[in-house]
Amino acid sequence: MPLLLDPAGRRMRKLRLSLTDACQLRCFYCLPHTPRFLPHRDLLTPAELLPMVGRLVELGLDQVRITGGEPTVRPELLDIVRGLGRLPLERLGMTTNALRLEALLPALWRAGLRNVNISLDSLREEVYARITGGRRPEDVLRAALKARDMGFEVKLNTVLFRGLNQDEVVDFLRFSEREAIPVRFLELMRIGPAHREQRSLFIAASEVIEALRHAGETLRPLPGPPDATAFEYATAAGARVGFIASESQPFCAGCSRLRLSATGFLRACLMQEDGLALGGLPLEDYPAALRSVMARKPLDRLPHTEQLMNRIGG
Ligand code: SAM
């Protein structure tokens with residue numbers, strides 16, 4: 001059996017690579033009330049991390065998305081992206097809150113990054129502050145537009161919450177039409193604090209789609225790859241809108257992702273605590289390590305996890 005094919009026939013291609021668990025935002029659904037971030041000395045150094053990823057790419061992974069925590073708060077971000085940019089990857093991307101992104105864009109482009117997914121849960125300053133504890137969503141939008149203008153592939157990711165930002169769906173659609181930047185709405189997942197405390201805020205993608213159609217929006221389904229996390233539509237005016245319905249319509253059957261935490265812990269599933277520490281493992285033992293991690297990749301969506309998204313790498 002080819003190494004990166006799991007027992008259920010799913011071919012692993014993508015690595016979500018967390019560079020840190022730290023973040024300058026305090027999104028209530030992602031972080032605990034009083035987060036304690038790992039000391040920098042516990043994180044893999046670029047000299048440790050780059051050979052690990054290089055070996056995983058040699059063994060067949062061909063897409064890397066940097067995440068966290070917030071990857072732009074990692075002091076060695078550019079060194080790491082430069083190293084990753086030298087690997088034979090089909091795609092090198094980053095997920096970011098974009099608060100520090102604008103100034104970094106030219107260096108990131110030179111380092112080989114071509115794709116940014118930007119998290120923005122509200123276009124309104126007051127709602128953005130309530131959800132994230134941060135300010136100035138306009139800085140995030142400015143970075144998104146600049147990235148688009150430079151040639152990066154850009155998408156906005158927005159988690160929807162009942163009674164908080166639900167009424168902004170149409171504003172995001174109009175933004176997408178105006179700026180030719182796709183937007184994707186995420187269902188609130190049962191991870192970390194969102195598992196117990198925040199279920200009343202959950203909105204299913206089907207409810208949002210139904211409301212949009214009811215409001216007269218035409219949503220034409222777009223084809224997507226078999227391992228897509230989002231299903232997408234085009235609106236009549238040309239917006240691209242996607243839904244990542246991980247709770248109501250899980251996509252585990254087509255999942256092609258592995259995750260490496262900032263401390264070097266390899267997991268086959270976001271919802272799973274189980275995994276294997278790669279730190280100190282000789283590179284020739286990676287095939288066996290991969291087989292053992294992939295053999296434990298769940299077939300179906302696990303209902304919830306107490307572990308924190310910022311620790312695993314979202
Ligand atoms: N800091 C970066 C960012 O803001 O994009 C990367 C890490 S963040 C954990 C990645 C994504 O996970 C963000 O879009 C965030 O909204 C999302 N996220 C965190 N907790 C979530 C949850 N419980 N359900 C759904 N999405 C969640």
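The values are calculated or read from the model by the stated rules, or taken from the named source; none is laboratory data. Model, not experiment: these values are computed from the prediction. Note that we place each Cβ from the backbone using ideal geometry, even for glycine, and neighbour counts take in every protein chain shown. Accessible surface areas use protein heavy atoms only, side chains included; no ligands, DNA or RNA. Shrake-Rupley method; radii C 1.70, N 1.55, O 1.52, S 1.80 Å.
With a Förster radius of 35 Å applied to the C-beta separation of Q198 and E102, the computed FRET efficiency comes to 0.70.
Overall, the accessible surface of the chain at a probe of 1.4 angstrom is composed of carbon and sulfur to the extent of 53 percent. Rounded to the nearest 20, the size of the Cβ-charge dipole of the chain about its Cα centre is 320 debye, with Lys and Arg at +1 and Asp and Glu at -1. Per residue, the solvent-accessible area of the chain (1.4 Å probe, heavy atoms of protein chains only, all protein chains present) comes to 43 Å².
Classification of region 40-149 by its C-alpha gyration tensor yields a prolate form. The axis ratio a/c (a ≥ b ≥ c) is 1.5 or more, and a/b outweighs b/c. Would you please give the FRET efficiency between A288 and R41, computed as 1/(1 + (r/R0)^6) with r the Cβ-Cβ distance and R0 = 22 Å, to the nearest 0.05? For A288 and R41, the calculated efficiency is 0.15.
R199 sits among other residues whose Cβ lies under 12 Å from its own Cβ, and their net charge, with Lys and Arg +1 and Asp and Glu -1, is 0.
Put a plus charge on the Cβ of each Lys and Arg, a minus charge on the Cβ of each Asp and Glu, and nothing anywhere else: the dipole of region 183-255 about its Cα centre is then about 60 debye.
No disulfide-compatible partner, judged by a Cβ distance under 4.7 Å, exists for the following cysteines of the chain: C23, C252, C255, C269. With the simple spin-label model, which puts each label point 7 Å out from Cα in the Cβ direction, the L59 to L3 separation comes to 0.6 nm. Our helix-only sum for the chain, with -39,500 (n - 2.57) per DSSP H run of n ≥ 4 divided by its residues, gives a mean residue ellipticity at 222 nm of -8500 deg cm²/dmol. Among beta bridges from DSSP that stay inside the chain, the antiparallel ones total about 30%.
Where both residues lie in region 4-138, what percent of DSSP beta bridges are antiparallel, nearest 5? Counting only bridges with both partners in region 4-138, antiparallel ones make up about 5 percent. Spacing of the modelled spin labels on D79 and A215, each 7 Å from Cα toward Cβ, amounts to 4.7 nm. Report the local net charge at E153: Lys and Arg +1, Asp and Glu -1, summed over other residues whose C-beta lies under 10 Å from its C-beta. Neighbourhood net charge equals +4. Packing, taken as the mean count of other beta carbons within 10 Å per residue, orders the peptides 84-90, 118-124, 278-284 from highest to lowest as 118-124, 84-90, 278-284.
Of the residues L43, P282, V170, the one whose Cα sits farthest towards the positive end of the charge dipole of region 14-312 is P282 (charges of +1 on Lys and Arg Cβ, -1 on Asp and Glu Cβ, taken about the Cα centre). Across the chain, the relative contact order, built from alpha-carbon pairs under 8 Å that are at least six residues apart, equals 23 percent. Protection proxy ranking of 43-50, 66-73, 144-151, 211-218, by the mean of other Cβ atoms within 10 Å over each peptide's residues and highest first, is 66-73, 43-50, 144-151, 211-218. What you get for region 208-314, charging only the Cβ of Lys and Arg (+1) and of Asp and Glu (-1), is a dipole of about 140 debye around the Cα centre. If you wrap the tightest convex hull around every Cα atom of the chain and split its volume per residue, you get 123 Å³.
Label-to-label distance, R142 versus D167, with points set 7 angstrom from Cα along the beta-carbon direction: 2.8 nm. Selection among A295, S246, T305 by position relative to the dipole of region 239-307 gives S246 as farthest towards the positive end (Cβ unit charges, Cα centre). Available extension along the chain between T263 and A277 is 4.2 nm, counting 0.36 nm per residue and deducting the alpha carbon span.
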